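The structure appears below as structure tokens.
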């Protein structure tokens, strides 16, 4: 990936965030101080800073679902998505939208799951059988 994305968000508890992002999601921890920690989040730089998480509301209409807005996440090849979904289910993560397929048989067919981190930040992880279809119209 030539141009990783950087996202900085607030969390209320760095220890809980470390356990979730590092332990459950498998992100590799990078630099940190007493007030923030960086993670390699699937090749992107995710910086978690102590503070009040952004307000969210279920206003994003996608298919038959209203998803939390704003949210962030990652797009993975389907085998990695399935591995992560199994790891999240095993960890007892409470899904906003459980692992499922949407737009089945259409351009942009994708698997998705929504959940919140321990501080309430909504995360979506998408999976594609064909990564070339991520931007299919």
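Computed values, structure above
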quantity	calculated
Count - residues of the range 65-83 that are in contact with a helix residue (DSSP H, G or I) (Cβ under 8 Å, 6 or more places away or on another chain) and within 20 Å of residue 7 (Cα to Cα)	2
Top-ranked residue in the range 24-58 [being exposed (fewer than 12 other Cβ atoms within 10 Å of the Cβ) and in contact (Cβ under 8 Å) with a residue 40 or more places away in the chain; ranked as nearest to residue 87 (Cα to Cα)]	43
Single residue of 66, 90, 78 found to be closer than 23 Å to residue 22 by Cβ and in the same structural domain as residue 129 (by TED's automatic domain parsing)	90
For residue 130: the one exception among (1) without any contact (Cβ under 8 Å) to a residue 12 or more places away in the chain; (2) under 26 Å from residue 22 (Cβ atoms)	(2)
Selection within the range 85-109 - touching a helix residue (DSSP H, G or I) at 6+ places or on another chain (Cβ under 9 Å) and in contact (Cβ under 8 Å) with a residue 24 or more places away in the chain	87, 88, 91, 93, 107, 108, 109
Within the range 2-83, strands (runs of 3 or more DSSP E) holding 2 or more residues that are modelled with pLDDT of 95 or more and more than 19 Å from residue 97 (Cβ to Cβ)	6-11, 28-32, 36-41, 44-50
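The values are calculated or read from the model by the stated rules, or taken from the named source; none is laboratory data. Because the structure is predicted, anything quoted here is derived from the model rather than measured. Using ideal geometry, Cβ is built from the backbone for each residue, glycine included, and neighbour counts are taken over all protein chains shown.
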